[in-house]
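Notes follow the structure.
The values are calculated or read from the model by the stated rules, or taken from the named source; none is laboratory data. What you are looking at is a predicted structure, and each value in this text was computed from that prediction instead of being measured. Every residue, glycine among them, receives a Cβ derived from its backbone with ideal geometry; neighbour counts consider all protein chains shown. Quick note on the areas: whole protein, heavy atoms, side chains included, nothing else; ligands and nucleic acids left out. Shrake-Rupley method; radii C 1.70, N 1.55, O 1.52, S 1.80 Å.
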Amino acid sequence: MFTLWSYFVGPGRAQAMLLDPQPMSARQAKDLGVVAEIVPRGGALARAKEMARNLLAKPEVTRRNTRIHFVQPIKERLVREVGYGLALEGASAAALVKSFQDEGKRVTS
């Protein structure tokens with residue numbers, strides 16, 4: 001998540017959002033650029049089908065190359081950042097477990 005959030009909303013916002021997660025409305029997500037559009041409740045499937053029809057009207061090579069263009073930078077960031085990020089998450093999780101164990105020792109002592 002840290003890689004994708006920083007890619008889509010910027011590093012400062014991503015850091016704030018990941019350290020203090022809060023619910024986000026559809027309007028807030030659109031304003032941040034996380035989603036492209038908001039449809040009325042119950043209209044998502046119809047809109048998705050409409051978008052699919054529009055995409056399928058384009059030549060296959062155009063669809064494929066457009067997808068590659070937008071996905072490639074995300075793949076590069078994932079390869080570059082995820083291993084290190086997972087190592088940091090693992091270290092944080094180990095410290096959290098240790099703090100619980102230490103707290104349990106203090107309570108029973």
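Solvent exposure of ILE68, expressed as accessible area, is near 80 Å², computed with a probe of 1.4 Å over the protein chains only. Of the solvent-accessible surface of the chain, computed with a 1.4 Å probe and all protein chains present, 63% belongs to carbon and sulfur. Using the alpha-carbon positions of region 43-96, Rg (one decimal) and Dmax (whole number) come out as 18.6, 53 Å. Solvent-accessible area of PHE2, probe 1.4 Å, all protein chains present, reported in Å² to the nearest ten, please. The value for PHE2 is about 60 Å².
To the nearest 0.05, what FRET efficiency results for ASP102 and LEU4 with a Förster distance of 22 Å applied to their C-beta separation?
Details: r = 34 Å, r/R0 = 1.53.
About 0.05, to the nearest 0.05.
Annotation for region 5-109: GluC sites (Glu not before Pro) lying in DSSP loop with at most 13 further Cβ atoms inside 10 Å of their Cβ are GLU37.
The Cα atoms of region 1-56 cover 38, 24, 16 Å along the three principal axes, with the biggest extent listed first.
Tell me, Kirkwood radius of the chain from alpha-carbon pair distances, in Å? Kirkwood radius, the chain: 17.9 Å. When +1 charges are put on Lys and Arg Cβ atoms and -1 charges on Asp and Glu Cβ atoms, the dipole computed for region 21-109 relative to its Cα centre reaches about 400 debye.
The aspartates and glutamates whose alpha-carbon is closer than 19 Å to the alpha-carbon of LYS58, local same-chain residues fewer than 8 away aside, are GLU50.
Entry note, the chain: relative contact order of 25 percent, from Cα contacts under 8 Å with a spacing of 6+ residues.
Accessible surface for ARG53 stands near 150 Å², nearest 10, in the context of the full protein assembly shown (1.4 Å probe). The label-point distance for ALA46 and ARG67, in a model that sets each label 7 Å from Cα toward Cβ, rounds to 2.7 nm. Taken along the Cα-to-beta-carbon direction at a fixed 7 Å, the label points for VAL35 and ARG13 span 1.5 nm.
Of the residues PRO40, GLY10, PHE100, the one whose Cα sits farthest towards the positive end of the charge dipole of the chain is PRO40 (charges of +1 on Lys and Arg Cβ, -1 on Asp and Glu Cβ, taken about the Cα centre).
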